[in-house]
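Right, one structure below, let's go through it.
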Amino acid sequence: MDATVLLVMDVQRGIVERFADDPGYLQRLSAAITAARAAAIPVVYVTIGFRAGYPEISSRNATFAAIAASGGFAAGSPATEVHPAVAPQPGDLLVTKRRVSAFTGSDLQVVLRSLGAGTLVLTGIATSGVVLSTLRQAADLDYRLVVLSDGCLDADPEVHRVLTEKVFPRQAAVRTVAQWAAQPAHGRSDGSQP
């Protein structure tokens, strides 16, 4: 099998609330999720979360040490919950990661292997964080990749533009949510059926 899987990454309460500049984002993402479900494409939600006391975080990691110091994204906190506008439904899968890439510190690779995934459709917050890191690692793992450009957000619109227009097309097909939702089964980066 060579299935397509939609990844919804870091669309959590504690992250979405920082990105109020694009009020249509959650609606677009919801459209992608609805299209995936209608096409029987598995939806995998990837969230960041840490155990009590943050044993996964080294003091040498500046980004994550700051999260631990602030008490953010501890297991069970509201910040770790998927935003209710795009909440998982029965049959969707939830993966918790411990670093920027969706693969690092998670069982995502095991889940994708069990689903027979060959093509990953990437969405999430932020374009320069989880989307970029996951795309690079997924490309090294030989997945076909599709990035939904308006299914991703970044704090810096210019960084988002450069990534989606210049960097990502080297390793992925870049589509809008509307383009992909019109034919989600045609999600492969080579344009063929999965």
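Here is a yes/no grid of residues against (1) of a type in the set (Asp, Glu); (2) over 18 Å from residue 184 (Cα atoms); (3) surrounded by fewer than 21 Cβ atoms within 10 Å (Cβ to Cβ); (4) touching a Phe, Trp or Tyr at 6+ places or on another chain (Cβ under 9 Å):
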| position | (1), (2), (3), (4) |
| --- | --- |
| 2 | yes, no, yes, no |
| 11 | no, yes, no, yes |
| 34 | no, no, yes, no |
| 56 | yes, yes, yes, yes |
| 93 | no, yes, yes, yes |
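Candidates are the residues of region 45-57 that are outside any loop (DSSP other than H, G, I, E, B) and under 30 Å from residue 34 (Cβ atoms); the one that is modelled with the lowest pLDDT is 48.
Residues are listed down the side, and each one gets a yes or a no for (1) among the polar types (S, T, N, Q); (2) part of a loop (DSSP other than H, G, I, E, B); (3) at pLDDT below 95; (4) at negative phi:
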{"residue": "4", "(1), (2), (3), (4)": "yes, no, no, yes"}
{"residue": "7", "(1), (2), (3), (4)": "no, no, no, yes"}
{"residue": "15", "(1), (2), (3), (4)": "no, no, yes, yes"}
{"residue": "18", "(1), (2), (3), (4)": "no, yes, yes, yes"}
{"residue": "27", "(1), (2), (3), (4)": "yes, no, no, yes"}
{"residue": "33", "(1), (2), (3), (4)": "no, no, no, yes"}
{"residue": "37", "(1), (2), (3), (4)": "no, no, no, yes"}
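Considering only region 99-112, I want to know if a residue exists there that is charged (D, E, K, R) and either closer than 23 Å to residue 164 by Cα or modelled with pLDDT of 95 or more (or both). Spell out how you get there, then give the answer.
Taking region 99-112 as the starting set, the residues that turn out to be charged (D, E, K, R) are 99, 107.
Going one step further and asking which of them are either closer than 23 Å to residue 164 by Cα or modelled with pLDDT of 95 or more (or both), we end up with 99, 107.
The answer is yes; a qualifying residue exists.
Of all the residues in region 135-150, those that are of a type in the set (Asp, Glu) and either part of a helix (DSSP H, G or I) or within 25 Å of residue 56 (Cα to Cα) (or both) number 1.
Close Cβ contacts (under 8 Å, 6 or more residues apart or on different chains) running from residues in region 99-111 that are within 16 Å of residue 6 (Cα to Cα) to residues that are polar (S, T, N, Q) and surrounded by 17 or more Cβ atoms within 10 Å (Cβ to Cβ) comprise 101/133; 101/134; 101/137; 102/133; 102/134; 102/137; 103/134; 103/137. The residue of region 78-108 that is nearest to residue 126 (Cα to Cα), among those that are among the polar types (S, T, N, Q) and in a loop (DSSP other than H, G, I, E, B), is 101.
State the number of residues belonging to region 121-134 that are buried (at least 24 other Cβ atoms within 10 Å of the Cβ) and either part of a loop (DSSP other than H, G, I, E, B) or without any contact (Cβ under 8 Å) to a residue 40 or more places away in the chain (or both).
Keep residues of region 121-134 that are buried (at least 24 other Cβ atoms within 10 Å of the Cβ), which gives 121-125, 127, 130-131, 134.
Those still in the list that are either part of a loop (DSSP other than H, G, I, E, B) or without any contact (Cβ under 8 Å) to a residue 40 or more places away in the chain (or both) too: 127.
The total comes to 1.
Working only within region 58-82, note down all residues that are within 27 Å of residue 38 (Cα to Cα) and either at pLDDT below 95 or acidic (Asp, Glu) (or both). Scanning region 58-82 gives 80, 81.
Quick test for you: out of 28, 18, pick the one residue that is surrounded by fewer than 16 Cβ atoms within 10 Å (Cβ to Cβ), under 21 Å from residue 149 (Cβ atoms) and touching a strand residue (DSSP E or B) at 6+ places or on another chain (Cβ under 9 Å).
Values: 28 fails: surrounded by fewer than 16 Cβ atoms within 10 Å (Cβ to Cβ).
Only one candidate passes the filter, namely 18.
Scanning region 113-133 for residues that are among the hydrophobic types (A, V, I, L, M, F, W, C), touching an Asp or Glu at 6+ places or on another chain (Cβ under 9 Å) and within 22 Å of residue 3 (Cβ to Cβ) returns 117, 130, 131. For region 149-194, the candidate set comprises residues that are within 21 Å of residue 33 (Cα to Cα) and of a type in the set (D, E, K, R); within that set, the residue that is modelled with the lowest pLDDT is 188. Of the residues making up region 64-85, at least one is surrounded by 13 or more Cβ atoms within 10 Å (Cβ to Cβ) and touching a Pro at 6+ places or on another chain (Cβ under 8 Å).
The values are calculated or read from the model by the stated rules, or taken from the named source; none is laboratory data. Here the structure is a predicted model, which is why all the values come from computation and not from measurement. Neighbour counts are summed over all protein chains in view; Cβ atoms, including those assigned to glycine, are modelled from backbone coordinates with ideal geometry.
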